[in-house]
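Undergrad: A single structure is presented below for examination.
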Amino acid sequence: MAEMDYSLEGKKVYVAGSTGMVGSAILRKLAQEGCEAFGSTRQDVDLTRQAEVEAWFDKTRPDAVFLAAARVGGIMANRTRPATFLYENLMIEANIIEAAHQSGVEKLLFLGSSCIYPKAAKQPYTEDQLMQGPLEPTNEGYAIAKIAGIRMCEYYREQYGVNFISAMPTNLYGTGDNYDLETGHVLPALVRRIHEAKLAGEDSITIWGTGSPMREFMHADDCADALVFLMKRYKGAEHVNVGTEHEVSIYDLARMIAKLTGFEGEIRRDTSKPDGSPRKLMDSSRLHGLGWSSTISLKEGLARTVEEFRALHAAGDL
Ligand code: GFB
């Protein structure tokens with residue numbers, strides 16, 4: 001296992017994005033690390049506003065920062081609102097990275113996404129393929145913002161000598177996900193659509209696209225575990241891929257969800273909707289080489305997610 005670089009014990013640790021799926025998973029994980037972890041809500045600080053972010057860092061004085069705040073969404077949200085995805089993500093990253101530097105933060109971990117890699121990159125994606133070709137057009141705005149965040153961390157390291165690192169997780173799902181059918185990612189959208197079809201006694205559901213794209217899904221708790229590991233044990237300039245190295249087609253994902261929800265109807269395809277990237281498998285050997293590996297299989301994570309969704313749905317809490 002890689003040597004300890006930064007002990008979190010006794011440290012003040014700010015999780016930007018703590019109300020989101022990944023940020024809340026990081027906060028839960030930090031509860032076992034002997035540190036004073038805290039997040040923020042939009043009432044505390046609007047992270048797209050530089051003066052508010054500076055005031056927040058002056059007031060809270062964190063030692064370490066997880067930058068998990070972002071405007072995120074599924075393929076349709078990304079495709080129809082590229083200006084919002086580019087603008088908000090650039091502002092959040094720039095404000096937090098600069099404020100962290102100004103206030104003397106000891107270590108910062110920036111979170112990106114697997115969509116930073118070129119559309120035609122070799123599979124599985126290795127870290128060195130960044131900026132080697134054009135991006136997938138359906139989420140180019142988001143990807144450009146995330147690439148800028150990676151470069152900011154690298155440049156701040158070079159210019160100021162700070163210990164800022166970046167991690168690129170694969171497609172995530174888990175507790176606190178967005179179950180909206182229009183703006184959400186594929187996994188929560190299919191859990192909702194298939195569960196509701198089962199309850200309504202429908203004999204078919206329709207997935208977007210051809211169903212053949214391949215995706216690598218990781219549970220947010222697994223990802224949070226990897227991120228805390230990296231915060232403690234990684235100090236390199238280059239970003240690190242965070243994935244499980246297991247992939248599944250969208251159609252097979254729908255079949256797994258159908259099995260868990262007891263839905264026995266037909267799975268149809270709406271090919272007027274976009275497929276996006278045909279495949280997005282990441283090479284996570286750098287992370288594995290440091291001594292971390294995933295523990296939540298898709299089967300187990302999906303079963304947990306379907307149970308959580310059932311409870312939310314029954315309580316009318318969506
Ligand atoms: O998670 P998702 O929306 O985004 O998955 P990406 C899109 C894939 O699932 C496409 C298919 O192949 C869709 O055709 N799909 C099938 C559906 N049914 C549905 C459905 O009901 N809802 C949705 N959303 N998709 C995201 C990026 O790309 O990946 C983000 O948009 C981010 O920026 C994330 O980087 C990791 O996997 O294509």
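Undergrad: If you check every pair at least six apart or on different chains, which have Cβ atoms under 6 Å apart with a residue in the range 5-21 that is basic (Lys, Arg) first and a residue that is open to solvent by less than 50 Å² (accessible area, probe 1.4 Å) second?
TA: Pairs that qualify, where the first residue is basic (Lys, Arg) and the partner is open to solvent by less than 50 Å² (accessible area, probe 1.4 Å), are Lys11/Cys35; Lys11/Asp63; Lys11/Ala64; Lys12/Pro62; Lys12/Asp63.
Undergrad: Could you grab me the full set of residues in the range 70-99 that are within 15 Å of the ligand (Cβ to nearest atom) and either among the acidic types (Asp, Glu) or open to solvent by less than 20 Å² (accessible area, probe 1.4 Å) (or both)? Give the steps one after another, and end with the answer.
TA: The first filter runs over the range 70-99 and keeps only residues within 15 Å of the ligand (Cβ to nearest atom), leaving 70-90, 92-93.
Result: Gly73, Gly74, Ala77, Asn78, Phe85, Glu88, Asn89, Ile92, Glu93.
Undergrad: Taking Arg310, is it more than 16 Å from the ligand (Cβ to nearest atom) and either out of contact with any Gly (no Cβ under 9 Å at 6 or more places or on another chain) or in a loop (DSSP other than H, G, I, E, B) (or both)? Outline the logic, then answer.
TA: On the way: more than 16 Å from the ligand (Cβ to nearest atom): yes; either out of contact with any Gly (no Cβ under 9 Å at 6 or more places or on another chain) or in a loop (DSSP other than H, G, I, E, B) (or both): yes.
Yes: the conditions hold for Arg310.
Undergrad: For the range 232-248, indicate whether the set of residues that are of a type outside the set (A, V, I, L, M, F, W, C), in a strand (DSSP E or B), open to solvent by 20 Å² or more (accessible area, probe 1.4 Å) and within 16 Å of the ligand (Cβ to nearest atom) is non-empty.
TA: So in the range 232-248, the residues of a type outside the set (A, V, I, L, M, F, W, C) come out as 232-236, 238-239, 241, 243-247.
Keeping just the survivors that are in a strand (DSSP E or B) gives 241.
Retained after the next criterion (residues that are open to solvent by 20 Å² or more (accessible area, probe 1.4 Å)): none.
No, the range 232-248 has no match at all.
Undergrad: In the range 72-91, what residues are more than 19 Å from Ala189 (Cβ to Cβ) and over 15 Å from the mean Cα position of the chain (by Cα)?
TA: So the first thing to find is which residues in the range 72-91 are more than 19 Å from Ala189 (Cβ to Cβ), and the list is 82-84, 86-91.
Hits for the range 72-91 are Pro82, Ala83, Thr84, Leu86, Tyr87, Glu88, Leu90, Met91.
Each row is one residue, and each column tells you yes or no for (1) open to solvent by 40 Å² or more (accessible area, probe 1.4 Å); (2) under 18 Å from the mean Cα position of the chain (by Cα); (3) away from the ligand (no atom under 14 Å from the Cβ).
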{"residue": "Gly112", "(1), (2), (3)": "no, yes, no"}
{"residue": "Lys119", "(1), (2), (3)": "yes, no, no"}
{"residue": "Lys122", "(1), (2), (3)": "yes, no, yes"}
{"residue": "Met131", "(1), (2), (3)": "yes, no, yes"}
{"residue": "Gly141", "(1), (2), (3)": "no, yes, no"}
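Undergrad: Let me ask something else about it. Given the options Ser294, Ser285, name the one that is within 19 Å of the chain's Cα centre (by Cα), modelled with pLDDT of 95 or more, polar (S, T, N, Q) and surrounded by 15 or more Cβ atoms within 10 Å (Cβ to Cβ). Quick ask: steps written out before the conclusion?
TA: Working: Ser285 fails: surrounded by 15 or more Cβ atoms within 10 Å (Cβ to Cβ).
Result of the check over Ser294, Ser285: Ser294.
Undergrad: Something else: So Thr41 fits all but one of (1) part of a loop (DSSP other than H, G, I, E, B); (2) touching a strand residue (DSSP E or B) at 6+ places or on another chain (Cβ under 9 Å); (3) β-branched (Val, Ile, Thr); what number is the exception?
TA: Only one criterion is unmet by Thr41, namely (2).
Undergrad: Inspect all residues belonging to the range 54-68 and state whether any of them is within 15 Å of the ligand (Cβ to nearest atom), out of contact with any Lys or Arg (no Cβ under 6 Å at 6 or more places or on another chain), at pLDDT 95 or above and of a type in the set (A, V, I, L, M). Talk me through it step by step, then tell me what you get.
TA: The initial filter retains those residues of the range 54-68 that are within 15 Å of the ligand (Cβ to nearest atom), namely 68.
If we keep only those that are out of contact with any Lys or Arg (no Cβ under 6 Å at 6 or more places or on another chain) too, we end up with 68.
Right, trim to at pLDDT 95 or above and you get 68.
Adding the requirement that they be of a type in the set (A, V, I, L, M) leaves 68.
Taking every residue of the range 54-68 in turn, at least one turns out to be within 15 Å of the ligand (Cβ to nearest atom), out of contact with any Lys or Arg (no Cβ under 6 Å at 6 or more places or on another chain), at pLDDT 95 or above and of a type in the set (A, V, I, L, M).
Undergrad: Within the range 255-272, how many residues are within 23 Å of the chain's Cα centre (by Cα) and within 13 Å of the ligand (Cβ to nearest atom)?
TA: The first filter runs over the range 255-272 and keeps only residues within 23 Å of the chain's Cα centre (by Cα), leaving 256-257.
Among the residues that remain, those that are also within 13 Å of the ligand (Cβ to nearest atom) are: 257.
Going through the range 255-272 one residue at a time, the tally reaches 1.
Undergrad: Moving on. Report yes if Asp222 is in a helix (DSSP H, G or I), open to solvent by 10 Å² or more (accessible area, probe 1.4 Å) and of a type in the set (D, E, K, R), otherwise no.
TA: On the way: in a helix (DSSP H, G or I): yes; open to solvent by 10 Å² or more (accessible area, probe 1.4 Å): no; of a type in the set (D, E, K, R): yes.
Against the criterion (in a helix (DSSP H, G or I), open to solvent by 10 Å² or more (accessible area, probe 1.4 Å) and of a type in the set (D, E, K, R)), Asp222 does not qualify.
Undergrad: Between a residue in the range 107-122 that is under 17 Å from Gly236 (Cβ atoms) and assigned to a loop (DSSP other than H, G, I, E, B) and any residue that is of a type in the set (Gly, Ala, Ser) and at pLDDT 95 or above, which pairs come within a Cβ distance under 8 Å, given they are 6 or more apart or on different chains?
TA: Qualifying pairs under 8 Å: Gly112/Gly149; Gly112/Ser166; Gly112/Ala167.
The values are calculated or read from the model by the stated rules, or taken from the named source; none is laboratory data. All of these numbers come straight from a predicted model, not from anything done at the bench. Counting neighbours? That spans all protein chains shown, and the Cβs are built from the backbone with ideal geometry, glycine included. Side chains included, ligands, DNA and RNA excluded: accessible areas come from the protein's heavy atoms. Shrake-Rupley method; radii C 1.70, N 1.55, O 1.52, S 1.80 Å.
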